[in-house]
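One structure below.
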Amino acid sequence: MKIIDTPIPDLKVIEPTVFGDERGFFMESWKQSSFEEAGIQTYFVQDNHSKSTKWVLRGLHFQTRKPQNKLVRVTAGAAYDVAVDCRTWSPTYGQRYGLVLSATNKKQLFVPRGFAHGFLSLEDGTEFLYKVDDYRDPDGEDGLMRDDPEIAIDRGTILKEYTIDEIQLNEKDKKYASFGALPDYFEFWIPKKKAIVYVDGLNLYYGLLKNTPYKWLDIYGFVNSFLTKHNIDIIELKYFCARIPSSSHDQYAHLRQKSYLDALSKYQSIYTIYTCIEGYFKTWVTKTGLLLPDKKEIARIIANEEKWTDVNIWVHITHDACTRDDYTVICLVSNDTDLAESLRLSKEHWKQVFLIPPIKKYSKGEIKKYKKWRKWIPRPSGKLTKYANNYLQRWITYTPLRDHQLPDEVEWIHKPSSW
């Protein structure tokens with residue numbers, strides 16, 4: 001699969017690799033990992049399918065309240081497909097790009113949020129498929145007039161080889177305004193969305209930080225490095241954890257954790273938006289099941305289990321979604337499947353979900369070793385990812401961890417010399 005740049009940034013042409021013989025062909029029409037490698041972060045939630053007779057023009061359409069990423073292609077016939085950059089902050093604002101999509105060339109076009117989109121059917125029985133990353137909002141539909149000279153969807157130079165009869169256009173599409181007369185609601189697409197971040201401290205530690213030198217993590221900077229790519233501002237960061245008891249097998253663990261939590265609360269970049277919500281550790285004495293050397297006694301050890309962290313996260317996500325309207329995005333840093341229901345309930349209250357499962361990106365060599373040892377390779381929870389309607393950070397390298405560390409000294413708090 002090739003992902004090809006166009007003269008308009010973010011607008012991409014996709015050319016699948018087609019394997020054909022006398023029996024037919026096979027191709028991958030969509031592959032999440034290929035898009036992520038190309039820097040495109042999206043998560044599709046719906047497929048749409050239309051069929052048109054020759055010279056039917058559909059468009060140019062866009063959503064004003066819930067803009068969508070689209071991936072479009074033609075599976076029968078051919079269509080001239082056009083996208084217009086309506087992002088007022090963009091250097092290519094007002095520019096259009098068009099190409100022929102057909103069942104023969106099998107090309108696709110990725111149309112990002114902030115673009116008006118439409119197509120002209122060039123053959124009878126043209127079937128047009130498109131994937132979208134958000135659901136249709138009937139009250140947020142609008143469009144551009146098809147014969148606007150600034151856009152000229154039916155006058156592109158690529159169409160000179162076609163003799164266009166009377167274009168078929170429905171009544172709704174005939175009433176759209178020209179590009180120059182559009183209201184300023186295009187600005188709706190560019191203000192930053194606001195997010196509350198919920199960090200599962202235990203899940204983050206064991207999923208990503210353990211056995212690394214990056215435990216002195218600037219959690220705000222780390223999460224923000226993903227959200228800024230999607231024009232999202234953090235208005236509140238909630239860190240969920242439990243204080244390690246002093247009776248832990250590591251006698252200094254509770255002191256290191258205290259230093260870290262104190263540093264987070266004092267760090268200037270986040271102290272005004274940071275809150276730590278604590279659960280607790282349940283401690284008890286248990287038997288190991290192994291005999292001591294003298295074979296007269298059973299070995300006993302102190303066991304600890306974190307309590308209430310997942311419950312606290314669940315309650316906060318659900319309560320905030322039901323009672324607050326000052327944010328639109330939930331950012332969850334966890335891979336705990338127990339939180340799936342809270343995400344579902346939040347989406348019923350029109351919240352979008354950005355999921356960051358704390359899972360490292362494994363190299364090919366590491367994956368080969370896991371398979372050799374028949375070990376399970378950690379993956380994002382399917383129960384959580386299905387609610388990440390617009391965004392999903394699937395794998396994390398060590399680079400954002402290394403690049404977002406707290407200063408060695410935050411006020412009077414020093415980074416532990418060893419961890």
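None of the figures in this text is laboratory data; all of them are computed from the coordinates on show. Computed from a prediction, not measured in an experiment: that's the story for all the values here. Every residue, glycine among them, receives a Cβ derived from its backbone with ideal geometry; neighbour counts consider all protein chains shown.
Observations on the structure shown:
- Cβ crowding within 10 Å, taken as a proxy for footprinting-reagent exposure, orders Ser363, Ser50, Ser121, Ser90 from fewest neighbours to most as Ser363, Ser50, Ser90, Ser121.
- Shown for His61, His349: other C-beta atoms within 10 Å of each C-beta, ranked fewest to most, produce the order His349, His61.
- Ranking Gly20, Val56, Val45 by how far each Cα lies toward the positive end of the dipole of region 1-58 (charges on Cβ) leaves Val56 at the top.
- Fully extended contour minus Cα-Cα distance, from Met1 to Thr323, at 0.36 nm per residue: 111.5 nm
- Look at where the Cα atoms of region 347-369 and of region 6-24 average out, and the two centres are 27 Å apart.
- If R0 is 25 Å, the Cβ-Cβ spacing of Arg136 and Lys386 corresponds to a FRET efficiency of close to 0.85.
- The label point for Glu127 and the one for Ile167, both projected 7 Å from the Cα toward the Cβ, are 2.6 nm apart.
- Least to most buried among Trp412, Trp314 (fewest other Cβ within 10 Å first): Trp412, Trp314
- Distant-in-sequence amide H partners of Leu11 (H built 1.01 Å from N, under 5 Å): Thr6
- Label separation (Arg379 vs His49): 2.6 nm, computed from points 7 Å beyond Cα along the C-beta direction.
- Taking only the alpha carbons of region 2-189, we obtain Rg and Dmax values of 16.2, 54 Å in that order.
- Extension reserve of the Ser178-Asp147 stretch, reckoned as 0.36 nm per residue once the Cα distance is removed: 10.3 nm
- Computed from phi, the 3J(HN,Hα) profile of region 99-115 under the Karplus parametrisation 6.51, -1.76, 1.60 (θ = phi - 60°) reads 7, 8, 9, 8, 5, 7, 7, 6, 6, 10, 10, 8, 10, x, 4, x, 10 Hz, with x in place of Gly and Pro.
- Distant-in-sequence amide H partners of Asp124 (H built 1.01 Å from N, under 5 Å): Lys54
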